[in-house]
Amino acid sequence: MSESATIGKASEPVVDAKKAAQLASKYFKSLLPEVSDFSLEEVELSEDGNFWLITLGFTAKKSESNPANSLATIFGAPPRTKFKVFKVDTRTGKVISMKIRALG
């Protein structure tokens, strides 16, 4: 196959899913060191094969100054889980973005 025939087609990822998840986790820890408990929730290769989309879930810290949080604690409401999606380049392993993953 000539070089021109491969232009525009994604090649096999250099960075595999496991490595992309590790890179996203490391990036997450560097930005939010106060969050120690998080988990891998989803791994997806983008349609064009250029990016891994890695979703991490974590428990949101409760603000002591918010009265609603005090009521939730009293009534035993479960902690709220938040999700972040990391876009990781499949060739370089560079984290391109971190976004809020809204459920809905």
Cβ pairs under 7 Å, 6+ apart or interchain, first in segment 75-104 and over 14 Å from Leu53 (Cβ atoms) and modelled with pLDDT of 95 or more, second hydrophobic (A, V, I, L, M, F, W, C) and open to solvent by 70 Å² or more (accessible area, probe 1.4 Å), ordered by first then second residue, are Arg91/Val14
Here the residues within segment 42-56 that are open to solvent by less than 30 Å² (accessible area, probe 1.4 Å) and either over 13 Å from Val15 (Cα atoms) or out of contact with any Ser or Thr (no Cβ under 7 Å at 6 or more places or on another chain) (or both) are Ser46, Ile54, Thr55, Leu56
Within segment 10-59, restricting to residues that are among the charged types (D, E, K, R) and farther than 16 Å from Ile96 by Cβ, the one that is modelled with the lowest pLDDT is Glu12
Counting only residues in segment 87-101 that are in a strand (DSSP E or B) and surrounded by 13 or more Cβ atoms within 10 Å (Cβ to Cβ), the one farthest from the chain's Cα centre (by Cα) is identified as Asp89
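The values are calculated or read from the model by the stated rules, or taken from the named source; none is laboratory data. Only a predicted model underlies this, so the values are computations on that prediction, with no experimental measurement involved. Heads up, the Cβs are rebuilt from the backbone with ideal geometry, glycines too, and the neighbour counts pull from every protein chain shown. Accessible surface areas use protein heavy atoms only, side chains included; no ligands, DNA or RNA. Shrake-Rupley method; radii C 1.70, N 1.55, O 1.52, S 1.80 Å.
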